[in-house]
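The values are calculated or read from the model by the stated rules, or taken from the named source; none is laboratory data. These figures come from a predicted structure and were not determined experimentally. Positions of Cβ are generated from backbone atoms using ideal geometry, with glycine treated the same way; all protein chains shown enter the neighbour counts.
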Amino acid sequence: MNIRRFLMAWLLSMSVLPLNAQDELRSPQLDKLTLPPGFSIEVYAADVPNARQMVLSPNGTVFVSTRQAGDIYAVRDDDGDQSADQVFVLDSGLNMPNGVAFYDGDLYVAEINRVLRYDDIESHL
């Protein structure tokens, strides 16, 4: 095997490694967490990749920003079983949304260069 073929094969194999690492990071490894006695942990919503910041509205909607992905999600548990029943993508393509706040029915999202307000957001879900 000449050096060129070897390098091409090596580069191809190295390009696959990050994909495998990302898949591993996406799958929750809850069994590796150490919790105090009496505590438990479960996945609430699996369809919210790269979740960064969260805020809970008085009506029970969890709003989630995803800094690297640039998305904002609304997650709802409609039947009260402590597991998400609906996941809405509210906005996408944002500039690193790194903070969310909820006040008086409005959702506020902090990006790197601005703050966005989504008026009466829960009535639009």
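Residue check: is residue 100 surrounded by fewer than 16 Cβ atoms within 10 Å (Cβ to Cβ), closer than 14 Å to residue 54 by Cα and either touching a strand residue (DSSP E or B) at 6+ places or on another chain (Cβ under 9 Å) or in contact (Cβ under 8 Å) with a residue 24 or more places away in the chain (or both)?
For residue 100, the condition - surrounded by fewer than 16 Cβ atoms within 10 Å (Cβ to Cβ), closer than 14 Å to residue 54 by Cα and either touching a strand residue (DSSP E or B) at 6+ places or on another chain (Cβ under 9 Å) or in contact (Cβ under 8 Å) with a residue 24 or more places away in the chain (or both) - is not met.
Looking at (1) touching a Phe, Trp or Tyr at 6+ places or on another chain (Cβ under 7 Å); (2) surrounded by fewer than 16 Cβ atoms within 10 Å (Cβ to Cβ); (3) small (Gly, Ala, Ser), find the lone condition where residue 46 falls short.
Tallying (1) touching a Phe, Trp or Tyr at 6+ places or on another chain (Cβ under 7 Å); (2) surrounded by fewer than 16 Cβ atoms within 10 Å (Cβ to Cβ); (3) small (Gly, Ala, Ser), residue 46 fails exactly one: (1).
What residue, among those in region 6-37 that are assigned to a loop (DSSP other than H, G, I, E, B) and within 27 Å of the chain's Cα centre (by Cα), is modelled with the lowest pLDDT?
27
Would you call residue 84 of a type in the set (A, V, I, L, M), closer than 13 Å to residue 47 by Cα and at pLDDT below 95?
Answer is yes for this residue.
Residues 72, 3, 41: which one is at pLDDT below 85 and within 30 Å of residue 121 (Cα to Cα)?
Only one candidate passes the filter, namely 41.
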